[in-house]
Amino acid sequence: MRRHTLSTAVTLCFAASLAAAASAPSEAGPTSPPASHTARQQARVPVLVDCFWHPEVRPTDFMLACGDGNSRLASLHWMQWGPNSAKAEGVNVVNDCKPYCAAGRFHSYPVVVRLDRAQPWKKHPQLQHYTRMTLEYTAGRPDTFSPTVTYPLWN
């Protein structure tokens with residue numbers, strides 16, 4: 001009985017620490033805009049809304065498959081970030097899900113990322129956010145993907 005209670009306590013502590021880590025705000029890192037940007041300047045440029053509903057400007061990484069994490073953008077280098085569009089180069093890291101996703105392997109494909117169609121964000125109407133993302137695969141791509149893939153972005 002004592003062993004079961006200890007095991008349960010350890011499991012609950014681990015779950016609580018994971019929940020706290022997931023909900024804690026992260027420290028400002030490379031995904032944060034430079035310190036020279038003021039709130040007024042940030043309001044003028046559109047943001048990219050991530051899986052946790054956080055506005056991002058020039059993120060270095062971006063999760064495409066929020067539900068399972070099987071597709072993400074990494075090593076993004078932004079060449080442009082303006083009121084009408086944004087453009088970056090990076091890699092799309094995609095799980096091949098063979099024979100199934102939990103046993104699959106991740107593969108990296110070079111891409112050009114384009115963002116456009118900035119509109120007011122429903123959650124924060126004072127901010128514009130990009131509503132469409134286009135990926136252009138420049139050297140190889142997942143078997144079932146077209147050379148160019150366009151995604152609507154959440155609002």
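The values are calculated or read from the model by the stated rules, or taken from the named source; none is laboratory data. Model, not experiment: these values are computed from the prediction. When we count neighbours, we look across all protein chains shown, and the Cβ atoms used for this are built from the backbone with ideal geometry, even at glycine.
Residue pairs whose Cβ atoms lie under 8 Å apart, sitting 6 or more positions apart in sequence or on different chains, and linking a residue in the range 130-149 that is touching a residue at least 40 places away in the same chain (Cβ under 8 Å) to a partner that is surrounded by fewer than 17 Cβ atoms within 10 Å (Cβ to Cβ) and basic (Lys, Arg), are Tyr130/Arg117. Tally up the residues in the range 77-88 that are assigned to a strand (DSSP E or B) and either surrounded by fewer than 15 Cβ atoms within 10 Å (Cβ to Cβ) or not charged (D, E, K, R) (or both), please. Residues meeting the conditions: 8. In the range 112-128, the residues that are on the phi > 0 side of the Ramachandran plot and touching a residue at least 12 places away in the same chain (Cβ under 8 Å) reach residues that are assigned to a strand (DSSP E or B) and not β-branched (Val, Ile, Thr) with C-beta atoms within less than 8 angstrom, at least six apart or across chains, in these pairs: Arg117/Tyr130; Arg117/Arg132. Out of the residues in the range 53-76 that are polar (S, T, N, Q) and not in a strand (DSSP E or B), which is nearest to the chain's Cα centre (by Cα)? If we take residues in the range 53-76 being polar (S, T, N, Q) and not in a strand (DSSP E or B), then Thr60 is nearest to the chain's Cα centre (by Cα).
Going by what's in this entry, would Pro33 be described as outside any helix (DSSP H, G or I) and at pLDDT 50 or above? Walk me through it before giving the result.
Numbers: outside any helix (DSSP H, G or I): yes; at pLDDT 50 or above: no.
Considered against the rule, which asks whether it is outside any helix (DSSP H, G or I) and at pLDDT 50 or above, Pro33 comes out as no.
Note on the range 99-141: residues that are over 23 Å from Met79 (Cα atoms) and surrounded by 16 or more Cβ atoms within 10 Å (Cβ to Cβ) amount to 1.
Residues checked against (1) surrounded by 16 or more Cβ atoms within 10 Å (Cβ to Cβ); (2) modelled with pLDDT of 95 or more; (3) under 23 Å from Phe106 (Cα atoms):
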position: Ala15; (1), (2), (3): no, no, no
position: Gln42; (1), (2), (3): no, no, no
position: Val47; (1), (2), (3): yes, yes, no
position: Asn70; (1), (2), (3): yes, yes, yes
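For the range 96-155, name all the residues that are among the hydroxyl-bearing types (Ser, Thr, Tyr), out of contact with any Pro (no Cβ under 8 Å at 6 or more places or on another chain) and outside any loop (DSSP other than H, G, I, E, B). Ser108, Thr134, Thr148, Thr150, Tyr151, listed by residue number.
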